[in-house]
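Colleague: Here it is, the structure, as structure tokens.
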Amino acid sequence: MHTFEYNTTEAKIQGLSIQVGELFADLWKSGSYESDNALEAYKSLRRLLPTEQYGEGRHIGATAAHKATQGAS
């Protein structure tokens, strides 16, 4: 079982993915061409996290991370 409470590395990755997701949303809304790079950084961070169900499904913390990319925290 993976939880951020017991794994500080995963907690840091989750926190960074939230921040990069918010950055992506801001850049995308402003029409910046750099939004593509921010999106790739976000996806790379998310891939570092384990998935919720034995290697299938969404990565842990997916709901919060997705909200960050939509400009809703």
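Colleague: What spacing in nm lies between the two simple spin-label points modelled at Thr51 and Asn7, each 7 Å away from Cα in the Cβ direction?
Modeller: 1.4 nm
Colleague: Counting other beta carbons within 10 Å of each Cβ, put His59, His66 in order, fewest first.
Modeller: Lowest count first: His66, His59.
Colleague: While we're here: Express in nm, to one decimal, how much length is gained between Ala64 and Asn37 on full extension, taking 0.36 nm for each residue of separation and deducting their alpha carbon distance.
Modeller: 7.7 nm
Colleague: Rank-order 21-28, 10-17 by packing density, defined as the average count of other C-beta atoms within 10 Å over each peptide's residues, highest first.
Modeller: Top to bottom by mean Cβ count within 10 Å: 21-28, 10-17.
Colleague: What Kirkwood Rh does the stretch 7-47 have if only Cα atoms enter the pairwise 1/r average? Answer in Å. List each step's numbers first, then the result.
Modeller: Numbers: mean 1/r = 0.0978 Å⁻¹.
Taking the inverse mean of 1/r over all distinct Cα pairs, the stretch 7-47 comes out at 10.2 Å.
Colleague: Report which label in [x] 135; [y] 83; [z] 75 holds the value of volume of the Cα convex hull per residue in Å³ derived from the coordinates of this structure.
Modeller: [z]
Each reported figure results from applying straightforward, stated rules to the coordinates on display, with no laboratory input. Here the structure is a predicted model, which is why all the values come from computation and not from measurement. No Cβ is skipped: glycine too gets one built from the backbone with ideal geometry, and neighbour counts run over all protein chains shown.
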